[in-house]
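For reference, the structure is listed below as structure tokens.
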Amino acid sequence: MTAALYCGRAMLNTIVLERGISGGELLNTEVIEDYPGFEHILGHELAVKFESHAKKFGAKFVQDTVVTLKKLPDTTFEAVTDSGNLYRAPTAIVTSGGTPIKLNVPGETEYAGKGVSYCAVCDGAFFRGHRIAVIGGGDAAVEEADFLTRYAEKVYLVHRRDELRASKILQKRLFENPKIELIWNTVVERVEADAQGLVNSLRLRNVDTHAESTLTVTGMFVFVGFRPNTGIIEGHVKHDAMGYLETDMNMETSIKGLFAAGDVRVQLTRQVTTAAGDGTTAAIAAEKYLAARRSGNLEPEIAASGGYAV
Ligand code: NAP
């Protein structure tokens, strides 16, 4: 949405193709308190502000799911959506974020929505007064474990190592929360359910001793990282071992004229601030790319195709 805002300000004809409600990971976050200027704002409120701000500068938002994005021989980009619509533009910015990684243990898929969840904001309220487990040791797991104590009577944080990856301020909050108990050096072996198919326990294994145990919980919230949503891009684009898109300092991918911003790209951390910064750079770089294209300062085959839309 920041990229759309900047493209709009640059007077580019800008379309945002969004499969759901605008906001991405902001919608999975209850409170944002690390976006400058907003000491405390709900994730979905910030998302609404971003969208209306981008619209103010002329960006058009279209709810449609992109299934493929490819560069055509004339060097323009073509996005095809699942409703059969086709969008053409001389440049595109991919900000498709990522999808939560699964543990891939027995029972996880079977009991999804019946005690297994990947979104605390969406499902937390169903666990009022329950004992639940959060799996992971990164920012998401630690932040959401803390959030879930609003509802749950007790939250077990199950982590595979003896040290958390999360930032120190989130760790401090976690350690100070009396409703949270850490279970170190432990992984989930399988998810177990009662006769109605509702989760009632987790089978755990200590990775050092290999001792197995049963944890009685009615919910398992999994926050073990993210997989980038890059499947829409047709053709080879450079990425790292995890699939995150590699970009140069202008956010340009290995496909000329295709830019990437936010969680989908290789970077040290994935914050609202870094996504907004990436979006800014990508939009300004895309504008320069279009200007060079119009003035013929690109490779001849690119200059030949013309056009202004993003
Ligand atoms: P992450 O930083 O990649 O952390 C994933 C955690 O899950 C790690 O602790 C990892 O353990 C553990 N893990 C991975 N695979 C596992 C498996 N198969 N079984 C058990 N545990 C497993 O992912 P994230 O927490 O989702 O965060 C993603 C990005 O978003 C990060 O850049 C993060 O900083 C950012 N983020 C920021 C905030 C915030 O600042 N408020 C909030 C949410 C997310 P190891 O530590 O042993 O590798």
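The values are calculated or read from the model by the stated rules, or taken from the named source; none is laboratory data. Not measured: the values here are computed from a predicted model. Every residue, glycine as well, gets a Cβ built from its backbone with ideal geometry; the counts of neighbours run over all protein chains shown. To get the accessible areas, we keep the full protein, side chains included, count just its heavy atoms, and leave off ligands, DNA and RNA. Shrake-Rupley method; radii C 1.70, N 1.55, O 1.52, S 1.80 Å.
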Boolean, Y87 is assigned by TED's automatic domain parsing to the domain that holds N250, in contact (Cβ under 8 Å) with a residue 60 or more places away in the chain and among the aromatic types (F, W, Y):
yes
Consider A145 carefully, then state whether it is closer than 14 Å to G219 by Cα, in contact (Cβ under 8 Å) with a residue 12 or more places away in the chain, open to solvent by less than 50 Å² (accessible area, probe 1.4 Å) and not in a loop (DSSP other than H, G, I, E, B).
yes
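Here's the yes/no breakdown for (1) of a type in the set (S, T, Y); (2) modelled with pLDDT of 95 or more:
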site	(1), (2)
Q271	no, no
A282	no, yes
I302	no, no
S305	yes, no
Matching residues in the stretch 103-129 - criterion: being more than 16 Å from the ligand (Cβ to nearest atom), part of a loop (DSSP other than H, G, I, E, B) and crowded, with 18+ Cβ neighbours inside 10 Å:
Y111, G115
Out of the residues in the stretch 133-149 that are charged (D, E, K, R) and out of contact with any Phe, Trp or Tyr (no Cβ under 7 Å at 6 or more places or on another chain), state the one that is farthest from the ligand (Cβ to nearest atom).
D146
Under the condition of being over 15 Å from L103 (Cβ atoms) and surrounded by fewer than 18 Cβ atoms within 10 Å (Cβ to Cβ), which residue from the stretch 150-160 is nearest to the ligand (Cβ to nearest atom)?
R150
Might you check whether a residue that is within 20 Å of G262 (Cα to Cα), within 16 Å of the ligand (Cβ to nearest atom) and not charged (D, E, K, R) occurs anywhere in the stretch 49-70?
no
Filtering the stretch 267-289 down to residues that are among the aliphatic types (A, V, I, L, M) and under 23 Å from T99 (Cα atoms), which residue is surrounded by the most Cβ atoms within 10 Å (Cβ to Cβ)?
A282
Look through L182, L215, L268, L198 and report the one residue that is without any contact (Cβ under 8 Å) to a residue 40 or more places away in the chain and closer than 20 Å to Y156 by Cα.
L182
Can you tell me which residue among D240, D194 is closer than 19 Å to I132 by Cα, open to solvent by less than 60 Å² (accessible area, probe 1.4 Å), out of contact with any helix residue (DSSP H, G or I) (no Cβ under 8 Å at 6 or more places or on another chain) and acidic (D, E)?
D194
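Quick check: is even one residue across the stretch 204-213 on the phi < 0 side of the Ramachandran plot and in contact with a Gly (Cβ under 9 Å, 6 or more places away or on another chain)?
Step one: of the stretch 204-213, the residues on the phi < 0 side of the Ramachandran plot are 204-209, 211-213.
Now drop any that are not in contact with a Gly (Cβ under 9 Å, 6 or more places away or on another chain), which leaves none.
No, every residue in the stretch 204-213 fails to be on the phi < 0 side of the Ramachandran plot and in contact with a Gly (Cβ under 9 Å, 6 or more places away or on another chain).
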Note on Q171: of the conditions (1) within 14 Å of the ligand (Cβ to nearest atom); (2) within 14 Å of L202 (Cβ to Cβ), unmet is (2)
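If a residue counts only when it is crowded, with 16+ Cβ neighbours inside 10 Å, which strands (runs of 3 or more DSSP E) contained entirely in the stretch 1-99 have at least 2 such residues? Before you say what the answer is, go through the steps one by one.
On the way: elements: 15-18, 60-63, 66-71, 77-81, 86-89, 92-94.
The strands (runs of 3 or more DSSP E) meeting that bar are 15-18, 66-71, 77-81, 86-89, 92-94.
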Any idea which of (1) surrounded by 18 or more Cβ atoms within 10 Å (Cβ to Cβ); (2) among the hydroxyl-bearing types (S, T, Y); (3) over 18 Å from V142 (Cα atoms); (4) out of contact with any helix residue (DSSP H, G or I) (no Cβ under 9 Å at 6 or more places or on another chain) is the one T230 doesn't satisfy?
(4)
Against the condition in a strand (DSSP E or B) and within 16 Å of the ligand (Cβ to nearest atom), how does V187 come out, does it pass?
yes
With the requirement that a residue be assigned to a helix (DSSP H, G or I) and either at pLDDT below 95 or not acidic (D, E) (or both), what does the stretch 148-179 give you?
L148, K168, I169, L170, Q171, K172, R173, L174, F175
Checked the stretch 219-239 for anything at pLDDT 95 or above, outside any strand (DSSP E or B) and within 13 Å of the ligand (Cβ to nearest atom); matches are F223, V224
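Restrict the check to the stretch 251-263 and report whether at least one residue is within 13 Å of the ligand (Cβ to nearest atom) and outside any helix (DSSP H, G or I). Break it down stepwise before answering.
The first filter runs over the stretch 251-263 and keeps only residues within 13 Å of the ligand (Cβ to nearest atom), leaving 262-263.
With outside any helix (DSSP H, G or I) added as a condition, the list becomes none.
No, the conditions are met nowhere in the stretch 251-263.
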